1. With respect to the numbered conditions (1) polar (S, T, N, Q); (2) under 23 Å from residue B:165 (Cα atoms); (3) modelled with pLDDT of 95 or more, which one is the sole condition not fulfilled by residue A:158?
2. How many residues are among the basic types (Lys, Arg) and buried (at least 17 other Cβ atoms within 10 Å of the Cβ) when one looks only at the stretch A:117-137?
3. Return a yes/no flag: does the stretch B:269-278 have any residue that is at pLDDT 75 or above, assigned to a helix (DSSP H, G or I), charged (D, E, K, R) and surrounded by fewer than 16 Cβ atoms within 10 Å (Cβ to Cβ).
4. Looking only at the stretch B:268-279, decide whether some residue is of a type in the set (D, E, K, R), out of contact with any strand residue (DSSP E or B) (no Cβ under 9 Å at 6 or more places or on another chain) and over 19 Å from residue B:23 (Cβ atoms).
5. Can you spot a residue in the stretch A:173-182 that is within 14 Å of another protein chain (Cβ to nearest Cβ), touching a residue at least 60 places away in the same chain (Cβ under 8 Å) and basic (Lys, Arg)?
6. So residue B:64 fits all but one of (1) closer than 30 Å to residue B:219 by Cα; (2) in contact (Cβ under 8 Å) with a residue 12 or more places away in the chain; (3) surrounded by fewer than 18 Cβ atoms within 10 Å (Cβ to Cβ); what number is the exception?
7. Does residue B:208 satisfy the condition of being in contact with a helix residue (DSSP H, G or I) (Cβ under 7 Å, 6 or more places away or on another chain), within 12 Å of chain A (Cβ to nearest Cβ) and over 20 Å from residue B:70 (Cβ atoms)?
8. Please state which of the following conditions residue A:143 fails to meet, knowing it meets all the rest: (1) more than 8 Å from chain B (Cβ to nearest Cβ); (2) within 30 Å of residue B:366 (Cα to Cα); (3) in contact with a helix residue (DSSP H, G or I) (Cβ under 6 Å, 6 or more places away or on another chain).
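The values are calculated or read from the model by the stated rules, or taken from the named source; none is laboratory data. Here the structure is a predicted model, which means the values were calculated and not measured. Backbone-built Cβ (ideal geometry, glycine too); neighbour counts: all protein chains shown.
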Amino acid sequence: MQKIAIRVDDLTVAYNYKPVLWDIDLEVPESVLMAIVGPNGAGKSTLIKSILGIIEPIAGSVSIYGKPYDKQRKLVAYVPQKGSVDWDFPTTALDVVMMGTYGRLGWIKRPRSKEKKASLEALEKVGMLPFKGRQISKLSGGQQQRVFLARALVQNASIYFMDEPFQGVDATTEIAIINILKELRKAGKTVIVVHHDLQTVPEYFDWVTFLNVKKIATGPVKDIFNDDNLTKTYGINYKVAVNK
Amino acid sequence: MDVQIEIQLIAVIVAIACAIPGVFLVLRKMALISDAISHSILPGIVIGFFITEDLNSPWLILLAALTGVITVVLVEAIQKTGLVKEDTAIGLVFPALFSIGVILIAKNANDVHLDVHAVLLGELAFAPSDRLLIGGVDVGPKSLWVMGIILMITIGLLLTFFKELKVSTFDVGLSAALGFSPVVLHYGLMTISSVTVVGAFEAVGAVLVVALMIAPAATAYLLTSDLKKMLVLSVIFGVTSAIGGYWIAHLLDASIAGSMTTVLGIVFMMVYLFAPNKGLIAVLYRQKQQRTEVSLLTFLLHLNNHEEETERHVKHLNEHINWQQVRSKTVLDLAQKNNLIAINDQIVSLTQKGKEFTELALEYIITNKDENIEHMKDDFFLFRG
């Protein structure tokens, strides 16, 4: 029996009294590569954000390896949506990756040569070392996403949350990213990805959660990634759209 | 100390103290909030003055700064209702608070030495007349001490929390996930901005303090892509404008704060025009170069596609690709300068380098993968995205 990495109990989140997530129960076992799929407005990002304590739920609880998130921060890395930050910010690729080391450092302590070395290694891993000194607005969309991935890698976490890492990236970057994610899973890490492209789910992931305000289904891709769940989640017949 | 030097010293310290939080306000797109704070502290100042009867009292500064933070809280509360947007919320809050201050002054104008004009515009020239006496000994102008202490606190906080301020400004979500509470940092920055505005208003006034916060940061933003350098440049712009403004005011016998702000505006204009990358002239030049380079690429593709000499004759190029004389010459020159073409007997042909260049460029345009064209970015604007 696999260990449970993430446990969500009765989680309900509302914006201005309108429920976005409704009574979510979810268990994610350790060492899976999981896609969260669902239509726009299904609460996919919100689910991640409330697990990470960025959004305050109105009910329910979350635990990471049996403890609340704020006791387990160092076990978790997070890649927000690329569009959520200002890429004109005056900073370089290396500097953005260094931000991934801040969590372990805690308040006040500054990154030193050890953190810099780890950040350079992470940049190397995503193939972005030649761009370390480049201002982030001068990077292409795919390169920016790789920098974000490097920032998560440098956190050296056990669980990785990624919010739409494939949005606006070229095909090469998409393959590079998914290969790194697969490596992470092989190394025993748990990876959770908000994903849009249903076609690639069976190819990329081994675990999937269907979400549409409520949880529709969660489990191994080979067991539950079927027309029935897709139709329940998206409300239309998906038989034709997805060929497995 | 000489009064002239004292005034300049106060101006410089005010400028530095404003420039530092200003950088973060600009990067957080909160420039308007500083405007709101600078006005809505008025009731805080007036009430503080009734209680302490001393414009430089630390209690007055804290009380007025609290009004600044209340402004931010009110703006966010109104915004959160979802009924109005942020700019409308700001427009609702600060005039309301400001007008309370105006009424308070008007009702008590006979008793207190404080008028709206002084609060709005300040008067740096009078700042040295209010002295700080310790045990009967004159240790300098009070406002120099007050702003000096505020500046020390600002620098101390900046050095201590630089990393936290940076990450929460760049990426709120990551900052929250890592445990650096964006709310705490946000209100910390709002508090220090409010304290600075209150400390500075007597010298430069509530309106011009906004210029000292925003203009140096906005100018520095055009010149650098490094947060630390942006901070240093902002301080330099603030200080030079403060001293330059003082001497212009001296020459013209005009308001010191007004002259300082004018210099800030002129410096921004100059940088906006002449900044190497983001400046207007640089951008126009780059666009012109890019147009030429697109033509160059079209021209190279044409050569690549045609073996027959008639298509590659210099004179025919005008008709065939339908270009003006001047443009053809510019493009030919650019291609020759980069050793991309050779001309024999008026017949143009691609060199080996030209062939490789064309292929790489084509591949880049089709696939948008730029690993292979890194070396071309230095010579050509076209590939710099």
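1. Just one mismatch for residue A:158, condition (2).
2. Matching residues across the stretch A:117-137 total 2.
3. Scanning the stretch B:269-278, I find no residue that is at pLDDT 75 or above, assigned to a helix (DSSP H, G or I), charged (D, E, K, R) and surrounded by fewer than 16 Cβ atoms within 10 Å (Cβ to Cβ), so the answer is no.
4. no
5. no
6. The one condition residue B:64 does not meet is (3).
7. no
8. The one condition residue A:143 does not meet is (3).
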